[in-house]
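Here is the structure we will look at, set down as structure tokens.
The values are calculated or read from the model by the stated rules, or taken from the named source; none is laboratory data. From a predicted model like this one, the values you see are computed outputs, not experimental measurements. Methodologically, a virtual Cβ is constructed for each residue, glycine included, from the backbone with ideal geometry; neighbour enumeration extends over all protein chains shown. What goes into the accessible areas is simple: the full protein's heavy atoms, side chains included, and nothing from ligands, DNA or RNA. Shrake-Rupley method; radii C 1.70, N 1.55, O 1.52, S 1.80 Å.
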Amino acid sequence: MLGSLTPAVEKAITALLPKVSASTRLKLIKFATAWKVTGLEGQLAELTKSLYATVANATAADAARLEAARQILDLSQDEAAAPTKLLGAVTAQVSPAFATGLFDALANSNAKNLGPVVLAKLKDVPPAARPAALKLVLARPESTKAFLDAVEAGTVRFDVLSLEQKNALAGHPDKQLAERARKLLALGGGLPDPNRQKVIDELAFVAKKIGNIEAGKKVF
């Protein structure tokens, strides 16, 4: 178990925070929080505001923006508002690398509303980053349910998924989700027709036919 710090040490930590870099401040705040140092609310709010500003700064380097996002999630893993605020930085103009990195960072969030928030943002996500967004959504049962809800409501289509993802949904470990996914996939024609080989075999004779060149010339 952790002990307790003396009032003098707590005061020294609080006084030191404004004088150090943002990354060091983050470490100090985490340390101080673990030791139950009081009076850090203002410092934490200031740091969080600064980090959000970095994420929102479209002219900042992708690496700096992503590091700020990771620090925010490290400070507030359970905060429901964090995913919505962070995804506000994702527009059709951002680099796919930034959007993909942000979705990878959000994988560490414990926010329960993550699935609906990501799905609502999907239309603004650069096409190259959508696989990362969908991977994040389908990685958790609660967000997978949100995806199926969106398909049922008509706000998202199954064709945003790869064939591999569709098959994974149809064979989901959660039997209820798997059954629901299979029903929706069947309605939307999301999986290949199991009889497709039969259809191919039936039409194979067409490819073997030899055309009539002279007749073709006349038609042309």
> Given a Förster distance of 22 angstrom, what is the FRET efficiency for ARG140 paired with LEU163, based on the Cβ-Cβ distance and rounded to 0.05?
Replying inline: 0.55
> For region 86-156, with every protein chain kept in place, what is the accessible area per residue (1.4 Å probe, Å²)?
Replying inline: 42
> For LYS11 and SER95, FRET efficiency with R0 = 35 Å and r from the beta-carbon atoms, rounded to 0.05?
Replying inline: 0.20
>> What is the sum of charges, Lys and Arg at +1 and Asp and Glu at -1, for the other residues whose Cβ falls under 12 Å from the Cβ of ARG25?
In response: +2
> Under a 1.4 angstrom probe, counting protein chains only, how are GLU142, GLU10, GLU152 ranked by accessible area, largest first?
Replying inline: GLU152, GLU142, GLU10
>> For a Förster distance of 30 Å, can you work out the FRET efficiency between the beta-carbons of GLU41 and SER21, rounded to the nearest 0.05?
In response: 0.90
>> If you average the C-alpha positions of region 131-180 and of region 25-63 separately, how far apart do those two centres end up, in angstrom?
In response: 34
>> Modelling each spin label as a point 7 Å along the Cα-to-Cβ direction, I'd like the ALA61/ALA80 distance in nm, to one decimal.
In response: 3.7
